[in-house]
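Here is the structure we will look at.
The values are calculated or read from the model by the stated rules, or taken from the named source; none is laboratory data. Just so it is clear, the model here is predicted, and its values are computed rather than measured. Cβ placement follows ideal geometry from the backbone for every residue including glycine, while neighbour counts extend to all protein chains displayed. Each accessible area value is taken on the protein alone, full model and side chains, heavy atoms only, with ligands, DNA and RNA left out. Shrake-Rupley method; radii C 1.70, N 1.55, O 1.52, S 1.80 Å.
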Amino acid sequence: MVSALRFFTCLVLAVCIVASVDAAISCDTVVSSLGTCYVYLRQGGIVPSSCCGGVRNLNGMAQTTPDRQQACKCVQSFTKSVPGFNQNIAYGLPGKCGVSLPYPISNSMNCDNVKLSGTHVSS
């Protein structure tokens, strides 16, 4: 499991090297924040406190429109590389952690529509 998670993390980091020039958030930061949510996003159950800490951390880091759009793109890449990713579980994760993200945790969203106001449009 540990070696699979390491491989998965390396894969996600490789996929996420599409960073925006204006954004200060890197995909490795997003993966680091959401990495402890990996099993929960597949199977559900009790949300690990470290996962909620990561969701809160991610929300706190993305304070500009370019940062939020970049974080959204990184979240999208992360979710696409989680085998067995459960979309319904993911949608509820921020609420279970007491956080209101400006974009859903999803693999099918239009991150270019994420704005500073917190609005988003799914594609």
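Brief remarks on what is shown
- Only residues that are modelled with pLDDT of 90 or more and more than 18 Å from residue 98 (Cβ to Cβ) were counted in region 1-43, giving 12.
- Restricting region 109-123 to residues that are at pLDDT below 85 and not in a strand (DSSP E or B), the residue that is surrounded by the most Cβ atoms within 10 Å (Cβ to Cβ) is 120.
- Contact annotation: residue pairs with Cβ atoms under 6 Å, 6 or more positions apart or on different chains, pairing a residue in region 101-112 that is within 15 Å of residue 84 (Cα to Cα) with a partner that is open to solvent by 20 Å² or more (accessible area, probe 1.4 Å) and outside any loop (DSSP other than H, G, I, E, B), are 107/76; 107/80.
- Failed item, numbered, when residue 53 is tested on (1) over 20 Å from residue 116 (Cβ atoms); (2) modelled with pLDDT of 90 or more; (3) surrounded by 16 or more Cβ atoms within 10 Å (Cβ to Cβ): (3)
- Residue satisfying all of: in region 63-84; assigned to a loop (DSSP other than H, G, I, E, B) and open to solvent by 20 Å² or more (accessible area, probe 1.4 Å); farthest from residue 51 (Cα to Cα) among these: 64
- Test: residue in region 85-96 that is assigned to a loop (DSSP other than H, G, I, E, B), farther than 12 Å from residue 27 by Cβ, in contact with a helix residue (DSSP H, G or I) (Cβ under 8 Å, 6 or more places away or on another chain) and open to solvent by 10 Å² or more (accessible area, probe 1.4 Å): yes
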